[in-house]
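A.B. asks: Just dropping this structure here.
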There are 2 protein chains.
Amino acid sequence: MIVSIDYESDTPLYTQLYDEIVRGIASGRLESGENLPSVRSLAGDLGINLHTVNKTYQLLKQEGFVHIHRQKGAVVQPAGSLPVTDAFRTRMERQLESLASEALCRSMREEEFLERCRSAYRSIRPQARDTHEGGRER
Amino acid sequence: MIVSIDYESDTPLYTQLYDEIVRGIASGRLESGENLPSVRSLAGDLGINLHTVNKTYQLLKQEGFVHIHRQKGAVVQPAGSLPVTDAFRTRMERQLESLASEALCRSMREEEFLERCRSAYRSIRPQARDTHEGGRER
DNA sequence: ATGTTTGTTATACACAAAGCATAACAGATA
DNA sequence: TATCTGTTATGCTTTGTGTATAACAAACAT
């Protein structure tokens, strides 16, 4: 698993790490049942503190993306096992409306806005044709 | 102009204020050439410090949403005057991919994802039919 | 001219978040 | 038993957020 961290970014390290792992799960690069590296080894590879990685893992556990067993480490949950919660819906709506507002201020038309949304979605799983229920990976 | 601030939110006050004003401009509720309230009066109305409002105005000025003249205060720039910068494109792409990743993990299909994007866009300007070039407001 | 309102700048302070360092504990495994 | 795992506990520094107070300069109304 390759993760890249940007120390210049203004987004916290644990948030960057969280986003990258969620993306990995969504893309299928991190398969269900796979083990994430231990907090110590990942922290060592990235050159950051163990607690920063641990904070990321706690968030992932809290959101249901991984389960954590002692000694086995963090294991990726099946992608379809997570529901679309109200909290996620609300957060998504808020972020989208914020983006749409700025896009409108820059006179980006609905077409282009939606095209960018579509290409963002497809950039995560370029190979997926219709992957909603079954969970067929490859 | 009505702005609501949530003190319980984890997003900073100046960011909330920024988002609300940008939304106001995008929606047309804040028209081009209109004056924003002074930093002191808005701070007074919201019950927050003048510097917090000033920080928001500085951000808005920096991004080109308003111009600031002494004594006249902050005036809203015409909505079409802002270009789609590379910085905005990059930020939009990053946020969309992050949202799409989580949506995919929750097995939200492309249809629903795009439908939510569309409804977010339209919720900003419910009346706009095709407002791309001319800047016809009403 | 004078006083008021405007944005602007400068300090200082309190509080929380982020990140790091170090250490220790408990469970699982070889 | 030794080693790896996640976990918890302190302590510390740096940065971001928000407030408080004060002062300055430009524009405007009287």
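The values are calculated or read from the model by the stated rules, or taken from the named source; none is laboratory data. The structure displayed is predicted, hence computed values, not measured ones. Quick reminder, even Gly has a Cβ in these numbers, built from the backbone with ideal geometry, and neighbours come from all protein chains shown. Areas reflect the complete protein model, heavy atoms only, side chains present, ligands, DNA and RNA absent. Shrake-Rupley method; radii C 1.70, N 1.55, O 1.52, S 1.80 Å.
A.B. asks: For the stretch A:7-45, which residues satisfy the criterion of being farther than 21 Å from residue B:95 by Cβ and near DNA strand C (Cβ under 8 Å from one of its atoms)?
C.D. replies: Residue satisfying the conditions is A:43 alone.
A.B. asks: Further question on the same structure: Based on this model, can you work out whether residue A:123 counts as surrounded by fewer than 18 Cβ atoms within 10 Å (Cβ to Cβ), under 19 Å from residue B:98 (Cβ atoms) and either at pLDDT 95 or above or within 7 Å of chain B (Cβ to nearest Cβ) (or both)? Lay out the reasoning, then the answer.
C.D. replies: Numbers: surrounded by fewer than 18 Cβ atoms within 10 Å (Cβ to Cβ): yes; under 19 Å from residue B:98 (Cβ atoms): yes; either at pLDDT 95 or above or within 7 Å of chain B (Cβ to nearest Cβ) (or both): yes.
Here the answer is yes, as residue A:123 does meet what is asked.
A.B. asks: Residues being open to solvent by 10 Å² or more (accessible area, probe 1.4 Å), free of Cβ contacts under 8 Å to residues at least 24 places away in the same chain and facing chain B (nearest Cβ under 7 Å): count how many of those fall in the stretch A:74-101. Break it down into steps so the answer makes sense when it comes.
C.D. replies: Step one: of the stretch A:74-101, the residues open to solvent by 10 Å² or more (accessible area, probe 1.4 Å) are A:75, A:77-87, A:89-91, A:93-95, A:97-98.
With the extra rule that they be free of Cβ contacts under 8 Å to residues at least 24 places away in the same chain, the set shrinks to A:81-87, A:89-91, A:93-95, A:97-98.
Okay, now just the ones that are also facing chain B (nearest Cβ under 7 Å), so A:82-84, A:93, A:95, A:97-98.
Within the stretch A:74-101, residues that are open to solvent by 10 Å² or more (accessible area, probe 1.4 Å), free of Cβ contacts under 8 Å to residues at least 24 places away in the same chain and facing chain B (nearest Cβ under 7 Å) number 7.
A.B. asks: Could you check the stretch B:63-73 and list, in sequence order, the residues that are out of contact with any helix residue (DSSP H, G or I) (no Cβ under 8 Å at 6 or more places or on another chain) and either modelled with pLDDT of 85 or more or open to solvent by less than 30 Å² (accessible area, probe 1.4 Å) (or both)?
C.D. replies: Selection gives B:63, B:73.
A.B. asks: Starting from the stretch B:13-26, take each residue that is more than 9 Å from chain A (Cβ to nearest Cβ) and closer than 21 Å to residue B:121 by Cβ and list its partners that are within 13 Å of DNA strand C (Cβ to nearest atom) and open to solvent by 10 Å² or more (accessible area, probe 1.4 Å), counting only C-beta distances under 6 angstrom and pairs at least six apart or across chains.
C.D. replies: Close Cβ pairs satisfying both conditions: B:18/B:59.
A.B. asks: Further question on the same structure: Listed residues B:60, B:36, B:13; which is surrounded by 18 or more Cβ atoms within 10 Å (Cβ to Cβ), among the hydrophobic types (A, V, I, L, M, F, W, C), at pLDDT 90 or above and under 13 Å from the mean Cα position of the chain (by Cα)?
C.D. replies: Details: B:36 fails: under 13 Å from the mean Cα position of the chain (by Cα); B:13 fails: under 13 Å from the mean Cα position of the chain (by Cα).
Selected residue: B:60, the only one of B:60, B:36, B:13 that is surrounded by 18 or more Cβ atoms within 10 Å (Cβ to Cβ), among the hydrophobic types (A, V, I, L, M, F, W, C), at pLDDT 90 or above and under 13 Å from the mean Cα position of the chain (by Cα).
A.B. asks: Also, quick follow-up: From the residues in the stretch A:40-57 that are touching a Phe, Trp or Tyr at 6+ places or on another chain (Cβ under 8 Å) and open to solvent by 30 Å² or more (accessible area, probe 1.4 Å), which one is farthest from DNA strand D (Cβ to nearest atom)?
C.D. replies: Within the stretch A:40-57, the first condition is being touching a Phe, Trp or Tyr at 6+ places or on another chain (Cβ under 8 Å), and the residues that meet it are A:52-53, A:55-56.
With the extra rule that they be open to solvent by 30 Å² or more (accessible area, probe 1.4 Å), the set shrinks to A:52, A:55.
Working: A:52: 11, A:55: 9 Å.
The selected residue is A:52.
A.B. asks: Of all residues in the stretch A:20-33, count the ones that are outside any loop (DSSP other than H, G, I, E, B) and open to solvent by 60 Å² or more (accessible area, probe 1.4 Å).
C.D. replies: Of the residues in the stretch A:20-33, the ones outside any loop (DSSP other than H, G, I, E, B) are A:20-27.
Applying the additional criterion that residues be open to solvent by 60 Å² or more (accessible area, probe 1.4 Å) yields A:23.
The qualifying residues number 1.
A.B. asks: Here's something else I'd like to know. Of the residues A:97, A:112, A:93, which single one is out of contact with any strand residue (DSSP E or B) (no Cβ under 7 Å at 6 or more places or on another chain), more than 16 Å from DNA strand D (Cβ to nearest atom), farther than 21 Å from residue B:104 by Cα and of a type in the set (Asp, Glu)?
C.D. replies: Values: A:97 fails: farther than 21 Å from residue B:104 by Cα; A:93 fails: farther than 21 Å from residue B:104 by Cα.
Within the list A:97, A:112, A:93, the selection yields A:112.
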